[in-house]
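Let me begin by presenting the structure, written as structure tokens, before commenting on it.
The values are calculated or read from the model by the stated rules, or taken from the named source; none is laboratory data. Not measured: the values here are computed from a predicted model. Using ideal geometry, Cβ is built from the backbone for each residue, glycine included, and neighbour counts are taken over all protein chains shown. All accessible areas refer to the heavy atoms of the entire protein, side chains included, with ligands and DNA or RNA removed. Shrake-Rupley method; radii C 1.70, N 1.55, O 1.52, S 1.80 Å.
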Amino acid sequence: MEICPFQGMRYNQRIVGDLAAVICPPYDTINPEQQRFCYEKSNYNAIRLELPLEQPGDSEVNSKYSRAAITFQQWLKQGILQTDDCPAFYLHDHYFEYLGKRKVRRGLIARVKLEPWGTSIYPHEETFPKAKNDRLQLMRVCQANFSPLFSLYQDPEQKIASILAEASQVKPIIDISVSPPLVGEGWGEGDENDIVWAITDSSLVCQISHFLAVQPLYMADGHHRYETALTYQQERAQVIASEAKQSLTGKEAFNYTMMELVEFSDPGLVILPIHRLVRGIAPPTLAKLESQLGNFFTLDFVPLTESSFSHCEQSEAISKMIGAATLGILGLKPQFLVILKQRQGVSTETMMLPNRSRAYKEFSVSFLNHIILDKMLKFTASKDDIAYTVDINEAYQQIRGGEYQLAFLSNPPQPEIVKAVVNAKDRLPRKSTYFYPKLPAGLIINPLD
């Protein structure tokens, strides 16, 4: 891989004031209410670039994408955004709370040369094709990355860790404290801090680049945006080639994307499961499900009360029960959580796809997709009949309120599972992992022109 420093764009704090008011969650975690909240938080909030509001009468010429491009150029001209004087790696410490404990995840924000999947960067889960068009349109008109992709690398001897520890001894260039309710879904439970250092020392830059150049990268979060960047790269190269105004060097900015790199063993690396909410199941089919499940799983029925998911300790206890099992189900029996564990000596091999890796076949979402949804429920997913959440309490409330019939609760994926499925040249099912908390948009901006 070619991992290199770059001249990032950053907010001018003298103009925008509190930096906590101008960063926002990444586009794919923001609901309409949070989108409006970010708009109201500051006139300079990065939501205007990352996920601009649609307006009545929008057209191809005048759209949310064109407004984002105009805003971006205005902010650059007005000095609201400024480009750093020299290329840098950006060391990012992200402090957050998880299950009542304070954690920190350390990442390195860099420019990464775009390569096809499977050469030196590897996806870990399947994607939705339609999800890429929105980001491509934004990239075409703005020619910038407003939020970094998220990848993992291996550093068992802690070589990079020691370099980053040295780099964090100086004064940071960014120090932000973000408090609720600015945080959105997938951000921390309490206050968050984002601390960033610029690594410009040529010796440290060379050491980092040389070490990471020979490390495979495992895509954690941002599969759609990476594939969008590959499409954008091809488009830009074709335009330049057709105009014959200049020859391509391979060093053009559009040949790279902004990425935050985190080491697999980082103590702040938290991966949450994504739970499924399902409706549209015919009553006779639903009535047979319990007996069908009994052919492959043992079923433990855990009684629930109104407070079962309302306290951190209780939610953690339920998460641990699910984590030790194959799946949990809400809605199969009123006011009970059903814990599924695979029966000893009962094989599910014939019910799984034959060409998938063992890591894939042993993953909880694979059991759910192929055995329960496909074979038992004959479920044909539509966007209206299936929903996703990382919040067990939300899943419980949706079942209790009757919005969905069943909630399937997955166990937390471990980093070793991600590594194993990638090393087997396979991918986990769509929406299998949720890397928590999400990386903010607007912290560092990467120009692509």
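In this calculation the C-beta distance from Asn295 to Glu33 is compared with R0 = 56 Å, giving a FRET efficiency of 0.80. A Förster radius of 35 Å combined with the Cβ-Cβ distance from Lys378 to Glu306 puts the calculated FRET efficiency at roughly 0.55. In the context of the full set of protein chains, segment 57-181 has a per residue accessible area of 48 Å² (1.4 Å probe).
For the peptides 361-374, 216-229, the ranking by packing is 216-229, 361-374, with the highest mean count of neighbouring Cβ atoms within 10 Å listed first. Here the gap between Thr200 and Ala161, fully extended at 0.36 nm per residue and compared with their Cα-Cα distance, gives a gain of 12.4 nm.
Expressed in nm to one decimal, what extension gain is obtained for the pair Met351 and Asn62 from 0.36 nm per residue of sequence separation less their Cα-Cα distance?
Values: separation 289, 0.36 × 289 = 104.04 nm, distance 5.02 nm.
Length gained, Met351 through Asn62: 99.0 nm.
Using only the C-alpha atoms, the convex hull of the chain corresponds to 166 Å³ per residue. For Gln7 and Thr119, a Förster radius of 25 Å and the Cβ-Cβ distance give a FRET efficiency of 0.40, rounded to the nearest 0.05. Counting only alpha carbon atoms, the long axis of helix 283-293 and the longest principal axis of the chain meet at about 90°.
Rolling a 1.4 Å probe over the heavy atoms of the protein chains gives segment 327-449 an accessible area of 42 Å² per residue. Beta bridges from DSSP with both residues in the chain: antiparallel share about 90 percent, rounded to the nearest 5.
Per-residue counts of other Cβ atoms within 10 Å, averaged by peptide: what ranking do you get for 156-165, 332-341, highest first?
332-341, 156-165
With everything on Cα atoms, drop me the angle between helix 32-41 and the longest principal axis of the chain, reported from 0 to 90° to the nearest 10. Computed tilt is about 30 degrees. On the protein heavy atoms, probe 1.4 angstrom, tell me the percent of accessible surface of the chain carried by carbon and sulfur. Within the chain, the accessible surface is 50 percent carbon and sulfur. The distance between label points at Leu99 and Lys320 comes to 0.8 nm (points 7 Å beyond Cα on the Cα→Cβ vector). Relative to the longest principal axis of the Cα atoms of the chain, the long axis of helix 132-142 lies at roughly 10 degrees.
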